[in-house]
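This report refers to the structure that appears directly beneath it.
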Amino acid sequence: MQIELNGKPHPLPDGATLEQLIAGLSLAGKAVAVAVNRQVVPGARWPTHALAEADKVDVVRAIGGG
């Protein structure tokens, strides 16, 4: 299947979850926020949130600074 990740096409296996997407992006354990179709999905739901064809996913990484 194909989703839109931060505005660009991104292939994924059918039935992939948000947790699998984040792990595949090497962002597991990092401070990130994720929205699917403009709805924020809490981290606790990532393991069970299955993605669907053409979902629009936005991943934002928090960067600290001084």
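Contact map, the range 1-25: residues that are among the charged types (D, E, K, R) paired with residues that are open to solvent by 70 Å² or more (accessible area, probe 1.4 Å), Cβ distance under 7 Å, separation 6+ or inter-chain. Pairs shown: Glu4/Lys56.
Conditions (1) open to solvent by 50 Å² or more (accessible area, probe 1.4 Å); (2) part of a helix (DSSP H, G or I), marked per residue:
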{"site": "Ile3", "(1), (2)": "no, no"}
{"site": "Asp14", "(1), (2)": "yes, no"}
{"site": "Ala35", "(1), (2)": "no, no"}
{"site": "Ala44", "(1), (2)": "yes, yes"}
{"site": "Glu53", "(1), (2)": "yes, no"}
{"site": "Val57", "(1), (2)": "no, no"}
{"site": "Gly64", "(1), (2)": "yes, no"}
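When the range 47-64 is filtered for residues that are within 12 Å of the chain's Cα centre (by Cα) and without any contact (Cβ under 8 Å) to a residue 24 or more places away in the chain, nothing remains. What do you reckon, is Ala28 more than 25 Å from Ile63 (Cβ to Cβ), in a loop (DSSP other than H, G, I, E, B) and not polar (S, T, N, Q)? Considered against the rule, which asks whether it is more than 25 Å from Ile63 (Cβ to Cβ), in a loop (DSSP other than H, G, I, E, B) and not polar (S, T, N, Q), Ala28 comes out as no.
The values are calculated or read from the model by the stated rules, or taken from the named source; none is laboratory data. Nothing here was measured: the structure is a model prediction, and the numbers come from that model. When we count neighbours, we look across all protein chains shown, and the Cβ atoms used for this are built from the backbone with ideal geometry, even at glycine. Areas reflect the complete protein model, heavy atoms only, side chains present, ligands, DNA and RNA absent. Shrake-Rupley method; radii C 1.70, N 1.55, O 1.52, S 1.80 Å.
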